[in-house]
Amino acid sequence: THGVALLIVFFQNVYHFFVIRKNLKNWIFIQFAILIFFSPVLFFVIKETVKFSSNQLLWIPNPSFLGLFKFFYVFSSGETFTLQNLALGFTLMLLFMCLIVFLIFKEFKNINRISKNELRNVLFILIWIFVPIIALVTYSLIVTSLFIEKYIIFSSAALYILVAFSISKLRNR
């Protein structure tokens, strides 16, 4: 019932319209049915989000490059900020990012030899990670800041799946 949960529906729609592109009439009908059935809850969520964001979010800083960096750090290693954990967490975060860059490079380098299904899976996970983050940053810069790690915790599962998939693509496992 949190307003940011709408980002889940948003990233799924982005994926469907830009990657799947099949049965658009059925997809639109299903989305309309979901909207109808959840409109009482949706009305409450939007009303509470507007009320909440208008007067209680002054403590949330606007997104910055350092904030994005912290965001991926927290997803990679948690919120422990002792010196030892910072070093370990930073190393783990860099490893995760290197694995993701490796996967993206490998997948798009061999795009002609990759099955359409595997490419769709990778695109789904990338959209699952990045569309909610981009949407939240954009909303935070334009309307009011909502950029907190816990609001996009659902994208952390995509990060872990992507890292595991990247590891499975390494030659010397």
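The values are calculated or read from the model by the stated rules, or taken from the named source; none is laboratory data. Predicted model, so just to flag it, every value in this text is computed and none were measured. No Cβ is skipped: glycine too gets one built from the backbone with ideal geometry, and neighbour counts run over all protein chains shown. Heads up: the accessible areas ignore ligands, DNA and RNA and are worked out on the full protein's heavy atoms, side chains in. Shrake-Rupley method; radii C 1.70, N 1.55, O 1.52, S 1.80 Å.
Long hydrophobic helices in the chain: the complete DSSP H runs spanning 15 Å or more by Cα along their own axis with mean Kyte-Doolittle hydropathy of at least -0.5 are 24-55, 65-77, 83-109, 116-142, 154-169.
Quick check for you: with a 1.4 Å probe and neighbouring chains kept, what is the accessible area per residue of the chain, in Å²? Mind showing how you got there, number by number?
Numbers: 11410 Å² over 173 residues.
It amounts to 66 Å² per residue over the chain.
Only protein atoms count toward the accessible area here, which uses a 1.4 Å probe; on the chain, the carbon and sulfur part of that area reaches 71 percent. By the Stokes-Einstein formula, at 0.890 mPa s and 25 °C, region 130-173 with its Kirkwood radius over alpha-carbon pairs has D equal to 204 µm²/s.
By the Cα gyration tensor, region 80-173 has an equivalent ellipsoid whose semi-axes, rounded to whole angstrom, run 26, 21, 10 from largest to smallest. Between Thr82, Thr138, Thr91, the residue with the greatest mean-square fluctuation in the GNM of the chain (Cα pairs under 10 Å linked by springs) is Thr82. Over all pairs of different C-alpha atoms, region 99-150 has a mean inverse distance whose reciprocal, the Kirkwood radius, equals 12.8 Å.
Mind checking the dipole of region 1-158: about its Cα centre, +1 per Lys or Arg Cβ, -1 per Asp or Glu Cβ, Debye to the nearest 20?
Working: 12 positive and 5 negative charges, 118 e Å.
Here the size comes out at about 560 debye.
Over all directions, the projected convex hull of the C-alpha atoms in the chain averages 12.4 nm² in area. For the cross-link pairs Lys70/Lys150; Lys106/Lys169; Lys22/Lys106; Lys25/Lys116, which exceed 19 Å when the distance is taken from alpha carbon to alpha carbon? Beyond 19 Å: Lys22/Lys106; Lys25/Lys116.
In region 36-123, which trypsin sites (Lys or Arg not before Pro) fall in coil by DSSP and have 15 or fewer other Cβ atoms within 10 Å? Walk me through the intermediate numbers first.
Details: sites: Lys47, Lys51, Lys70, Lys106, Lys109, Arg113, Lys116, Arg120; in loops: Arg113.
Listed in order of number, the matching sites are Arg113.
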